[in-house]
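Here's the structure, in structure tokens; my notes come after.
Derivation of every value follows stated rules applied to the coordinates shown; laboratory data play no part. The structure presented is a predicted model; accordingly, all values stated were derived computationally and were not measured. Cβ sites come from the backbone with ideal geometry, for glycine too, and all protein chains shown count toward neighbours.
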Amino acid sequence: MADQPKPLRIGLAGLGNVGAGVYKNLLKNRSLLQERTGRAMEIRKVAVRNPSKPRTVAVPDELLTANLDDLIEDGEIDIIVELIGGIDQAFTLVKSALERKKIVVTGNKALLAEHGKELFALAEKQKTPIYFEAAVAGGIPIIKTVQESLVGNRIDSMIGIINGTSNYILTRMAEEGLDYPEALKEAQDLGYAEADPALDVNGWDAAHKAIILASLSYGFWLRAEDIYVEGIQDVSLVDILFADSLGYTIKLLAVIRLDESGGIEVRVQPSLISNGHILASVNGVFNAILVNGDVVGETLFYGSGAGQDPTSSSVISDLADAAARLGDCGGRRTGFVPHGLYGQPVAIDDTVSEYYLRLQVADNPGVLAQIATVLGNLDIGISSMIQPEEHEEGIAPIVLMLHYATFGRMKEALRQIADLDCVRAQPVLMRVESL
Ligand SMILES: NC(=O)c1ccc[n+]([C@@H]2O[C@H](COP(=O)([O-])OP(=O)(O)OC[C@H]3O[C@@H](n4cnc5c(N)ncnc54)[C@H](OP(=O)(O)O)[C@@H]3O)[C@@H](O)[C@H]2O)c1
């Protein structure tokens with residue numbers, strides 16, 4: 001009988017939400033995985049912060065350690081699965097693993113967004129791959145899709161709803177008429193938002209994922225300062241209702257787009273999309289990414305963007321890749337292939353879209369003319385306007401839908417409009433994304 005291939009020996013760092021899912025599901029589908037990959041998968045050590053904490057999975061005591069170095073120092077371990085989160089300790093762990101030529105699997109988008117360039121250069125030097133399917137959109141296999149299935153395409157755009165917590169909050173505001181604090185509280189009570197939900201609602205969780213997707217698509221590592229990020233904290237129920245009456249839904253969109261001159265636009269913003277577009281019906285904690293390739297055309301990927309089982313499905317798929325390539329990664333992809341064929345990031349002020357503008361103005365004659373003058377002087381056209389009849393004494397809301405203009409010109413218009421005496425509250429501006 002032929003020798004059985006050696007099992008894949010795993011050092012698991014982190015046994016939290018995702019780590020426990022990986023442990024549980026590796027056991028659950030153990031024989032299926034062995035059949036499919038040709039190798040057994042064996043967890044040799046599990047690092048946690050507190051080994052005596054009660055767990056949802058029964059891990060033998062002798063596997064547990066509180067010392068991440070134990071995973072690195074164990075010469076039998078082939079693969080480090082980094083699921084501790086955070087940046088500094090995760091960076092040290094991943095770097096040490098690559099230095100010892102241990103393959104890395106990680107779900108840590110913040111780590112890759114911040115240190116991807118350096119880590120992938122090290123992976124290349126060490127001929128040791130980093131796999132990171134779980135870092136973007138949880139259970140949706142978008143990383144392998146871009147790297148493998150769409151390898152023959154120039155990526156023209158990716159438009160994603162890639163933060164489940166924000167999407168849940170916006171969905172509940174739209175469906176139930178909750179205001180932002182109520183919807184956030186509900187998301188926290190249901191465990192969708194962290195006790196500190198900052199990165200989810202301020203747009204940066206989606207931005208970290210957008211940096212990874214844009215970097216993969218365009219072959220050079222983008223820096224956080226190259227992209228523009230706004231969260232959903234200032235989206236109010238009144239804007240959701242106005243948008244709906246105009247036929248739009250507000251979503252937190254990550255937009256990655258190649259422009260005609262070869263520049264790359266990357267931004268995360270609450271944006272209006274037509275109610276008829278398929279992304280408008282991506283609700284609750286679900287994620288979706290619309291990818292346009294020059295050969296394939298439009299494709300849509302939809303699924304659970306987070307959670308224990310969906311995310312561990314992605315981690316396990318990376319382990320299966322690692323099992324197939326172990327010992328044979330010389331000359332093969334080590335996680336990121338630089339090519340840089342498609343230009344430079346586009347400055348946010350040069351990006352172009354239509355806009356939604358809501359103002360609170362003095363209920364006097366001539367007000368609209370003053371606003372139209374500011375817009376006209378900056379060559380920004382008005383495509384439609386609504387002014388509800390019911391409003392507070394002396395103050396009238398106006399909603400303007402504006403034609404295509406650069407964000408730079410729009411910001412200047414906003415500055416001038418906010419300075420008008422007749423404008424009584426901070427204007428609300430959102431992009432209208434034509435998809
Ligand atoms: N949650 C999701 O749905 C999801 C989806 C996609 C990607 N991710 C990413 O996956 C990673 C893990 O997320 P999570 O939700 O599973 O986090 P989590 O529930 O907070 O778990 C973190 C785990 O890491 C351990 N840990 C933290 N620092 C450590 C250290 N210095 N040494 C040893 N162990 C340490 C903790 O130990 P104790 O248990 O002892 O405290 C805990 O088991 C993050 O990068 C996250 O962005 C998560």
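Show me the three semi-axes of the equivalent ellipsoid for the range 142-304, from the C-alpha gyration tensor (sqrt of 5 times each eigenvalue), largest first, rounded to whole Å.
Working: eigenvalues 151, 56, 40 Å².
So the equivalent ellipsoid measures 27, 17, 14 Å along its semi-axes.
Sort F336, F91, F242 so that the residue with the fewest other Cβ atoms within 10 Å of its own Cβ comes first and the one with the most comes last. Before the final figure, lay out the partial values.
On the way: F336 23, F91 17, F242 20.
Result, fewest neighbours first: F91, F242, F336.
Applying both filters, DSSP loop and at most 15 other Cβ atoms within 10 Å, to the trypsin sites (Lys or Arg not before Pro) of the range 102-171 gives K127, R154. Here I130, I398 are placed in order of increasing Cβ neighbour count within 10 Å, fewest first, which gives I398, I130. Against the chain, whose longest principal axis is taken from its Cα atoms, helix 180-189 shows a tilt of about 20°.
If R0 is taken as 60 Å, the Cβ-Cβ distance between K24 and S384 corresponds to a FRET efficiency of 0.70. Straight distance only, please: which lysines reach the Cα of K251 with their own Cα at less than 17 Å, same-chain residues fewer than 8 apart left out? Straight-line reach from K251, under 17 Å: K209. Reported to the nearest whole Å, the Cα centre-to-centre distance from the range 165-243 to the range 37-79 is 34.
Where does the chain land at 222 nm, in deg cm²/dmol rounded to the nearest 500, when only DSSP H runs of n ≥ 4 count, each adding -39500 (n - 2.57), divided by all residues?
On the way: 13 runs with 148 residues, N = 435.
Value at 222 nm, helices only: -10500 deg cm²/dmol.
Compactness ratio of the chain: Cα Rg over 2.2 N^0.38 Å, N = residue count?
Numbers: Rg = 24.3 Å, N = 435, 2.2 N^0.38 = 22.1 Å.
Rounded to two decimals, the normalised Rg is 1.10.
Among the trypsin sites (Lys or Arg not before Pro) within the range 277-371, those in coil by DSSP and having at most 16 neighbouring Cβ atoms inside 10 Å are R332, R333. GNM on the chain, alpha-carbon springs under 10 angstrom: the most fluctuating residue among S261, S314, S217 is S261.
Which of the lysines could a cross-linker bridge to K45, judged by Cα under 23 Å and excluding same-chain residues fewer than eight apart? Leaving aside lysines fewer than 8 places away in the same chain, those within reach of K45 are K6, K24, K28, K53, K95, K101, K102. Summarising the strand pairing of the chain, around 70 percent of its internal DSSP beta bridges are antiparallel.
Neighbours of G14, meaning other residues whose beta-carbon lies under 11 angstrom from its beta-carbon, give a summed charge of 0 when Lys and Arg score +1 and Asp and Glu score -1. With a 10 Å cut-off between alpha carbons and a GNM built on the chain, which of G191, G284, G138 moves the most? The residue with the greatest mean-square fluctuation here is G191.
Among D259, D189, D318, the order by Cβ neighbours within 10 angstrom, fewest to most, reads D189, D259, D318. Computed over the range 128-168, the convex hull of the alpha-carbon atoms projects to a mean area of 3.8 nm². For the range 205-309, GluC sites (Glu not before Pro) are listed when DSSP marks them as loop and at most 15 other Cβ atoms sit within 10 Å of their Cβ; the list is E260. Each part reduced to its alpha carbon centroid, the range 246-279 and the range 357-416 end up 22 Å apart.
For the range 142-304, what proportion of DSSP beta bridges, expressed in % and rounded to the nearest 5, is antiparallel? Mind dumping the intermediate values first?
Working: 29 of 31 bridges.
Antiparallel bridges: around 95 percent, rounded to the nearest 5.
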